[in-house]
Amino acid sequence: MPLIVNADDFGLTPGVNRSVGELHCAGALSSATLMATGEYFDDAVAVARANPVLEVGCHVLLVDGTPVLPPAQIPTLCPDGKNFRPTLTGFVRDLFSFRIRAAEIAAEATAQMERLRSAGVRVSHFDTHKHTHLFSGILRPLLLAARGCGVPAVRNPFEPDWALRATKGSATLLRRLAVVALGSQHRAFQRAVEASGLATTSGTIGVLATGTLEVRATLRTLLSATPGESATWELVCHPGYPDAALDRVRTRLRQSRAEEHAALMELLPGMRLGRWGELSVQRSVEL
């Protein structure tokens, strides 16, 4: 199966939105996941309308952002009464301390998916900001929300061993250890997605390489390492043009977005890319 290439953070800034449109037109991008509360949501919807073949998913935010629902309706997701928790560390700590209600996760995810649908977006799949759906306590209510909204597929956020080896040296030791350790959640992910009836891929590549400065070499290595088998993989990327709007965002991904855009534009046009709509419900392969 061809490789699905998905850009995260659609709707974050005008530069990200412009990058998504240009890459898709060049044949270097299959899909993008849209942030329902992104400051430039309307601009992203306009880009999607101008590119009807671009598949658009929902980039569900539960951390480091603002909700669609009034914060008073989801108090365990917005403990400050305004926004989500600012860090993934705090979110995970409170998740495992049973301070976050599954019903609130499902309600907010439904509201985010419905915002996309209300804007005329046909939601092809969903993933999560910071990959919070790695954890079963987050994944299960999200799958319920997706089924209720008619969203047919979900990102498999687990990176296979061959991809981790291919990106050796492109991340800090701490980040590499974290990615490997989180792989222990993969079997639970498989079981939950299978039970939900949603489709997924065999895994995601490019997670460990996120933000690398050696992006051309890393992308070339990943592409050459991808097995030519029947399994379907997703390449996750964060392309964009740095601009004033990005300067206002708290993110470590700044110049790397422009480098990813350039690398994708150089290496991917001419490849036959996969589509979420081509996925059948399948069991994820073992990592």
### Task
Take segment 223-247 and flag every residue that is modelled with pLDDT under 90 and either within 21 Å of L34 (Cα to Cα) or buried (at least 21 other Cβ atoms within 10 Å of the Cβ) (or both).
D247
### Of residues in segment 132-165 being among the aliphatic types (A, V, I, L, M) and farther than 18 Å from T204 by Cβ, the one farthest from the chain's Cα centre (by Cα)
L144
### Task
Any residue in segment 107-120 that's within 18 Å of A72 (Cβ to Cβ): show its pairings with residues that are surrounded by fewer than 20 Cβ atoms within 10 Å (Cβ to Cβ) and among the polar types (S, T, N, Q) at Cβ separation under 8 Å, as long as the two are six or more apart or on different chains.
A107/Q73; Q112/T37
#### Entry: Exclusive hit being touching a helix residue (DSSP H, G or I) at 6+ places or on another chain (Cβ under 8 Å), part of a loop (DSSP other than H, G, I, E, B) and within 30 Å of S30 (Cα to Cα), set G57, G65
G65
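For segment 86-138, how many residues are in a strand (DSSP E or B) and surrounded by fewer than 17 Cβ atoms within 10 Å (Cβ to Cβ)? Can you show your working first?
Pass one, segment 86-138, residues in a strand (DSSP E or B): 123-128.
From the residues that got through so far, the ones that are surrounded by fewer than 17 Cβ atoms within 10 Å (Cβ to Cβ) too are none.
Within segment 86-138, residues that are in a strand (DSSP E or B) and surrounded by fewer than 17 Cβ atoms within 10 Å (Cβ to Cβ) number 0.
Give me the residue from segment 40-67 that is among the β-branched types (V, I, T) and surrounded by fewer than 19 Cβ atoms within 10 Å (Cβ to Cβ) and, out of that set, farthest from D127 (Cα to Cα). Working first, answer last.
Residues of segment 40-67 that are among the β-branched types (V, I, T), as a first pass: 45, 47, 53, 56, 60, 63, 66.
Pick out the ones that are also surrounded by fewer than 19 Cβ atoms within 10 Å (Cβ to Cβ) and you get 53, 66.
Details: V53: 19, T66: 17 Å.
That would be V53.
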### Query
Could you say which residue among S202, S230, S224 is among the hydroxyl-bearing types (S, T, Y) and under 24 Å from A146 (Cβ atoms)?
S202
### Task
For segment 122-132, indicate whether the set of residues that are without any contact (Cβ under 8 Å) to a residue 60 or more places away in the chain, touching a helix residue (DSSP H, G or I) at 6+ places or on another chain (Cβ under 8 Å) and of a type outside the set (G, A, S) is non-empty.
no
### Qualifying residue in segment 125-145 (condition: among the aliphatic types (A, V, I, L, M) and over 28 Å from R275 (Cβ atoms))
no
### Task
Inspect all residues belonging to segment 115-123 and state whether any of them is under 16 Å from the mean Cα position of the chain (by Cα) and among the small types (G, A, S).
no
### Task
Identify the residue in segment 161-216 that is aliphatic (A, V, I, L, M) and not in a helix (DSSP H, G or I) and, among all such residues, is modelled with the lowest pLDDT.
L213
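Does R257 fit the bill of being of a type in the set (K, R), under 23 Å from A26 (Cα atoms), touching a strand residue (DSSP E or B) at 6+ places or on another chain (Cβ under 9 Å) and modelled with pLDDT of 95 or more? Even if it seems obvious, please write down each step before you answer.
Working: of a type in the set (K, R): yes; under 23 Å from A26 (Cα atoms): yes; touching a strand residue (DSSP E or B) at 6+ places or on another chain (Cβ under 9 Å): yes; modelled with pLDDT of 95 or more: no.
When the stated conditions are applied, R257 does not pass them.
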## Note on the structure
Taking first residues from segment 251-277 that are closer than 17 Å to F10 by Cα and second residues anywhere that are part of a helix (DSSP H, G or I) and not β-branched (V, I, T), the pairs with Cβ under 6 Å that are 6 or more apart or on different chains are H261/S19; L264/L23
### Task
Tally the residues that are surrounded by fewer than 24 Cβ atoms within 10 Å (Cβ to Cβ) and under 19 Å from A258 (Cβ atoms), restricting the search to segment 12-27.
8
### Task
Scan segment 62-80 and give yes if some residue there is without any contact (Cβ under 8 Å) to a residue 40 or more places away in the chain and either on the phi > 0 side of the Ramachandran plot or touching a His at 6+ places or on another chain (Cβ under 7 Å) (or both), otherwise no.
no
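The values are calculated or read from the model by the stated rules, or taken from the named source; none is laboratory data. Predicted model, so just to flag it, every value in this text is computed and none were measured. Using ideal geometry, Cβ is built from the backbone for each residue, glycine included, and neighbour counts are taken over all protein chains shown.
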